[in-house]
Amino acid sequence: MKFIDQVKIYVKSGDGGKGCVSFRREKFIPKGGPNGGDGGRGGHIIFKAKHNINTLLDIKYQQQYRAEKGQHGMGRDRHGRDGRDLIIPVPMGTLVKNYETGEILFDLTEDDQEYIAAQGGRGGLGNTHFKGPFRHLIGIPNAGKSTLISSVSAAKPKIADYPFTTLVPNLGVVKYKEFSSFVIADIPGLIEGASQGTGLGFQFLRHVERTSVLLHLVDISEMAEGDPVNNLEKINNELRLFSSEIMDKPMAIAGTKLDIKGNGERLDRLADYCKDKHCDFFPICSVTGEGIDELVQYLAIKVEESKNRE
């Protein structure tokens, strides 16, 4: 047998499958939620030491190795199959090196010892993950919801100084500490009569109905129209008329546009109201960042609490 003790090969792990966006649709369940499954993990490239192999001859004649891709997720909560790992048998004593740097990555000295040279890609998340730990932003049009979601996440919603800027829900992933994150959703502005189909609210109230915690945004700037407490109560009334169960959910209130609060009369009125109602209240400014860190920390804690309840 010809003895080959050094070869250069190319390896590529399998890509992760895509997560699925799907919604439950059944005849007698009109409000079925998201049920898209996760994509499968891509296959690893693994070197495995074998005592009965003495040469790298086989590898010399097959110098490119690609592991299988993960299967895409599917509806009805069906996750994609993981890609098969590709195992490359090598003699005991094989040194695995990075060709470009010369760095020794691993020394396979024992029989059946394995080294993952390339890890398979992580499968994408299906939208079934986003039916529970959402923080939803609710408020009348032009309350500052889009500005807040753009300041705490990478989402880039349309922002302008007129009502109904948001026509569809915007989602953003909020990073918290090093390894934690949660999803936040900006619900298009609600007006009186939304529970009966007025304005843009009716179809989006269904999104609110599936949430675990709600965050109301109330404009406390000196240019805002209407009384802040009355505005808040109008929104809560529409939520109550649409579904009494919504009002049983934990709620927090954020007074927005703190940088232009004027004499602070609107801010004080809303803060006193929240204190009387025992509601968690956060005065914030999404433009300057004032109060944002405290709000994000609060929401992150609520996310963890909701997961524990589940």
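Brief remarks follow.
- You will find that of Gly289, Gly262, the residue that is loosely packed, with under 14 Cβ neighbours inside 10 Å, in a loop (DSSP other than H, G, I, E, B), at positive phi and in contact with a helix residue (DSSP H, G or I) (Cβ under 9 Å, 6 or more places away or on another chain) is Gly289 and no other.
- Annotation note: Cβ proximity below 9 Å between a residue of region 77-88 that is in the same structural domain as Gly17 (by TED's automatic domain parsing) and without any contact (Cβ under 8 Å) to a residue 24 or more places away in the chain and a residue that is in a loop (DSSP other than H, G, I, E, B) and of a type in the set (Asp, Glu) (sequence gap 6+ or interchain) occurs for no pair.
- Residue within region 228-235 that is at negative phi, among the basic types (Lys, Arg), without any contact (Cβ under 8 Å) to a residue 60 or more places away in the chain and not in a strand (DSSP E or B) present: no
- Extreme residue, nearest to Gln113 (Cα to Cα), among residues of region 15-50 that are at pLDDT 90 or above and surrounded by fewer than 19 Cβ atoms within 10 Å (Cβ to Cβ): Lys48
- Residue among Ala252, Ala271, Ala300 that alone is over 16 Å from Thr147 (Cα atoms), part of a strand (DSSP E or B) and of a type outside the set (S, T, N, Q): Ala252
- In region 223-242, the residues that are of a type outside the set (A, V, I, L, M), at pLDDT below 85 and in contact with a helix residue (DSSP H, G or I) (Cβ under 6 Å, 6 or more places away or on another chain): Glu238, Arg240, Phe242
- Ile246 meets all of the listed conditions (1) outside any helix (DSSP H, G or I); (2) under 28 Å from Val174 (Cα atoms); (3) of a type in the set (A, V, I, L, M) but one, namely (1).
- Set side by side, the residues Glu290, Glu233, Glu238, Glu265 differ, and just one is assigned by TED's automatic domain parsing to the domain that holds Val173, among the acidic types (Asp, Glu) and closer than 22 Å to Val152 by Cα, which is Glu290.
- Residue within region 54-69 that is in contact with a strand residue (DSSP E or B) (Cβ under 7 Å, 6 or more places away or on another chain) and farther than 20 Å from Lys12 by Cα present: yes
The values are calculated or read from the model by the stated rules, or taken from the named source; none is laboratory data. Computed from a predicted model, the values in this text were never measured in an experiment. Positions of Cβ are backbone-derived with ideal geometry, glycine not excepted, and every protein chain shown enters the neighbour counts.
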